[in-house]
Amino acid sequence: MIYFEVVFDILYLFSVFYLGYLLLNKRTENIQFLIFGLMALTLGFGDMFHLIPRVIGHLTTGLEDYTSYLGLGKAITSYTMTVFYLLVLFAYEKRFDVKNVFVRSIIVSLLIVRTILAVLPQNEWLTNGATLEFQIIRNIPFVIMGIYLVSIIIIESLKKNDKTFIKIAVGISLSFLFYIPVVIFAQSIPVIGALMMPKTLAYVYVIYIAYKEI
């Protein structure tokens, strides 16, 4: 299982960076390619800070010796994911030619709350000592933001019969469905942490759909 995870992590990082490269190369054809290319690079950049220490830990002395690096990586990922969902908002606005101040205000407000929660000392990023209660609290605005974005994307996609963005909304939804059990149960049932792999694949699916169908 350890070696499977190592191979999975390496392939994921390669795939997401490569898709980002391909999307950015197509940016002159459609501004949406630029947005999704930046989304792909944001995913890869954020995740590499905790996945690379995991790979090194698995292949050397174990994850316990890399707790601070893994914690720092998770902290960085928490920030880059806020950027990722801001880009999702931009992709939605560009796709459907909408710029709703109310929608922007909600998303930006949730991003600010999420960012503030992520910098509080209760996170104990470097020691992995955050309580389950605080882990849930810091993820509440993140989950609300995801649900809200998925909802407005699906509503607009159904109006315009946009099958591509319905698929993207499904991919984002799956990522949250896999992520939420990890937040709630992984501390007491470590095997639940394996759901991070299909969660990661859901993000790759979103980027791949953007590359193939936009």
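Computed from the coordinates by the stated procedures, all read-outs in this text should not be read as laboratory data. All figures in this text were calculated on a predicted structure; none of them were measured in a lab. Using ideal geometry, Cβ is built from the backbone for each residue, glycine included, and neighbour counts are taken over all protein chains shown.
Table for the structure above
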read-out	value
Unmet criterion (only one of (1) assigned to a helix (DSSP H, G or I); (2) surrounded by fewer than 17 Cβ atoms within 10 Å (Cβ to Cβ); (3) touching a helix residue (DSSP H, G or I) at 6+ places or on another chain (Cβ under 6 Å)) for VAL7	(3)
Any chance PHE45 is touching a Phe, Trp or Tyr at 6+ places or on another chain (Cβ under 8 Å) and in a helix (DSSP H, G or I)	no
From the options PRO181, PRO141, residue that is surrounded by fewer than 19 Cβ atoms within 10 Å (Cβ to Cβ) and part of a helix (DSSP H, G or I)	PRO181
Filtered residues of segment 90-123 (kept if over 21 Å from the mean Cα position of the chain (by Cα), in a loop (DSSP other than H, G, I, E, B) and of a type outside the set (Lys, Arg))	ASP97, VAL98, ASN100
Answer from PHE14, PHE36 - the residue that is in a helix (DSSP H, G or I) and closer than 19 Å to VAL83 by Cα	PHE36
Test result for THR67, among the polar types (S, T, N, Q), under 19 Å from GLY146 (Cβ atoms) and out of contact with any Asp or Glu (no Cβ under 7 Å at 6 or more places or on another chain)	no
Segment 184-214, residues that are in a helix (DSSP H, G or I), closer than 23 Å to LEU63 by Cα and over 14 Å from the mean Cα position of the chain (by Cα)	ILE184, PHE185, PRO190, VAL191, ILE192, GLY193, ALA194
Residue in segment 146-166 that is out of contact with any strand residue (DSSP E or B) (no Cβ under 7 Å at 6 or more places or on another chain), closer than 23 Å to LEU38 by Cβ, of a type in the set (D, E, K, R) and in a helix (DSSP H, G or I) present	yes
Answer from LEU63, LEU117 - the residue that is touching a Lys or Arg at 6+ places or on another chain (Cβ under 7 Å) and more than 29 Å from SER15 (Cβ to Cβ)	LEU117
Per-region count, segment 13-37, residues of a type outside the set (Val, Ile, Thr), touching a Phe, Trp or Tyr at 6+ places or on another chain (Cβ under 9 Å) and buried (at least 19 other Cβ atoms within 10 Å of the Cβ)	6
ASN128, sole failed condition from (1) out of contact with any Asp or Glu (no Cβ under 9 Å at 6 or more places or on another chain); (2) part of a helix (DSSP H, G or I); (3) not hydrophobic (A, V, I, L, M, F, W, C)	(2)
Segment 64-81 - residue that is touching a residue at least 60 places away in the same chain (Cβ under 8 Å) and buried (at least 20 other Cβ atoms within 10 Å of the Cβ) and, of those, nearest to THR115 (Cα to Cα)	SER78
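Quick grid of which residues meet (1) in contact with a helix residue (DSSP H, G or I) (Cβ under 6 Å, 6 or more places away or on another chain); (2) without any contact (Cβ under 8 Å) to a residue 12 or more places away in the chain:
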{"site": "MET145", "(1), (2)": "yes, no"}
{"site": "ILE153", "(1), (2)": "yes, no"}
{"site": "LYS160", "(1), (2)": "no, no"}
{"site": "PHE165", "(1), (2)": "yes, no"}
{"site": "SER175", "(1), (2)": "yes, no"}
{"site": "ALA186", "(1), (2)": "yes, yes"}
